[in-house]
Amino acid sequence: MNAPIGVFDSGIGGLSVLRALQKALPHERFVYLADSAHAPYGEKTEAFVTQRTLTIALHLRAQHHIKALVVACNTATAAAIHALRALHPQLPLVGVEPALKPALALSRTGHIGVIATRGTVGSDKFARLLASLQAEAHFVVQACNGLALAIEQSTLPDQARAAQDQISHLLQTYTQAMGRFGTGPGDIDTLVLGCTHYVFVEDELRQLLGPDVQLLSTGEAVARQTQRLLAAADLLNTQAPHETAQPMRLLTTGDLQGLQAAAQRWLGLPPELCEAAPATLQA
Ligand code: DGL
């Protein structure tokens, strides 16, 4: 089926998931919506994030006729995936959650770090996930206020330099607060990136933590799950990519230049694919 897959995040972070989706599903069309005017979700109330998520899902269905929706945001998934499923029972839906279970399989020291937004780590969904695994490893959880916003700002030409300094400062402060990273006994040897924005500061994290600490994100797993759901519902696109009209559209409620810069820097996509979301979504 030739309809697009909707992908949505509070901002540009979900582009890390879109990158994995595009790689795994090269025949598919995508519509990406960055709600950058309302980022960061992680520091807003659950009710606000739920309301934005439901509004955006409705918009993507009504205006873009999406055949599936990937909520490429841990914070929105934690707040709103149940409400979304209840309202759209027929729509294949994929959410993201911090990769705690995969981290268990990878960690040798049994000490696992998790960084995510305040909204994600404060959610009931995350509390249940953590409680179900706590007997199996020692988890050190750190909410990273300000980090997603600084990553958003790092794509805006006039704010990029200050944002980059802020990213370095925040990463240093938060990782130091978590304890010792490394591969010795008691060291944190695996760090879960529980926010899709954080994938874009992986290089900085590697420099800070050294090459032996494993960084875990969810893009590939989300792409595999999306593929499975579409195949099961017989919704995969069977046309060749060159027959597919407009394979990618990227919309933002925020700064268009910021989305263009991010799409170009991280996915190599040309700026013409980006456009402003309609005014009704920006309020
Ligand atoms: N990218 C989002 C996540 O995965 C949220 C960042 C934010 O807006 O706070 O949680």
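The values are calculated or read from the model by the stated rules, or taken from the named source; none is laboratory data. No experiment lies behind these values; they were computed from the predicted model shown. So basically every Cβ, Gly included, is an ideal-geometry build from the backbone, and we count neighbours across all protein chains shown.
Of the residues L171, L156, L129, L147, which is touching a Pro at 6+ places or on another chain (Cβ under 9 Å), more than 18 Å from Y41 (Cα to Cα) and within 16 Å of the ligand (Cβ to nearest atom)? Spell out how you get there, then give the answer.
Values: L171 fails: touching a Pro at 6+ places or on another chain (Cβ under 9 Å); L156 fails: touching a Pro at 6+ places or on another chain (Cβ under 9 Å); L147 fails: more than 18 Å from Y41 (Cα to Cα).
Among L171, L156, L129, L147, only L129 is touching a Pro at 6+ places or on another chain (Cβ under 9 Å), more than 18 Å from Y41 (Cα to Cα) and within 16 Å of the ligand (Cβ to nearest atom).
Answer yes or no: is there a residue in the range 230-237 that is outside any loop (DSSP other than H, G, I, E, B) and surrounded by 14 or more Cβ atoms within 10 Å (Cβ to Cβ). It would help to see each step written out before you state the result.
In the first step, residues of the range 230-237 are kept if they are outside any loop (DSSP other than H, G, I, E, B); the result is 230-232.
Filter again for surrounded by 14 or more Cβ atoms within 10 Å (Cβ to Cβ), leaving 230.
Yes, some residue in the range 230-237 is outside any loop (DSSP other than H, G, I, E, B) and surrounded by 14 or more Cβ atoms within 10 Å (Cβ to Cβ).
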What is the residue count in the range 142-177 for residues that are closer than 12 Å to T117 by Cβ and not in a helix (DSSP H, G or I)?
5
Of I12, I56, I5, the only residue that is over 18 Å from L281 (Cβ atoms) and either buried (at least 24 other Cβ atoms within 10 Å of the Cβ) or in contact with a His (Cβ under 8 Å, 6 or more places away or on another chain) (or both) is I5
I115 meets each of (1) more than 16 Å from the ligand (Cβ to nearest atom); (2) under 30 Å from G179 (Cβ atoms); (3) in a strand (DSSP E or B); (4) among the hydrophobic types (A, V, I, L, M, F, W, C) with one exception, condition (1)
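Pick from the range 92-119 the residues that are out of contact with any strand residue (DSSP E or B) (no Cβ under 8 Å at 6 or more places or on another chain) and not aliphatic (A, V, I, L, M): which of them is farthest from K67 (Cα to Cα)?
The first filter runs over the range 92-119 and keeps only residues out of contact with any strand residue (DSSP E or B) (no Cβ under 8 Å at 6 or more places or on another chain), leaving 97, 101, 105, 108, 119.
Right, trim to not aliphatic (A, V, I, L, M) and you get 97, 101, 108, 119.
On the way: E97: 22, K101: 29, R108: 41, G119: 28 Å.
Filtering first and then ranking leaves R108.
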Q282 - would you say it is surrounded by fewer than 21 Cβ atoms within 10 Å (Cβ to Cβ), modelled with pLDDT under 95, touching a Ser or Thr at 6+ places or on another chain (Cβ under 8 Å) and on the phi < 0 side of the Ramachandran plot?
yes
Look through H88, H27, H59 and report the one residue that is at pLDDT below 95 and farther than 25 Å from Y198 by Cα.
H27
Mind listing whichever residues of the range 151-168 are under 16 Å from S16 (Cβ atoms) and either of a type in the set (A, V, I, L, M, F, W, C) or surrounded by fewer than 15 Cβ atoms within 10 Å (Cβ to Cβ) (or both)?
I151, I167
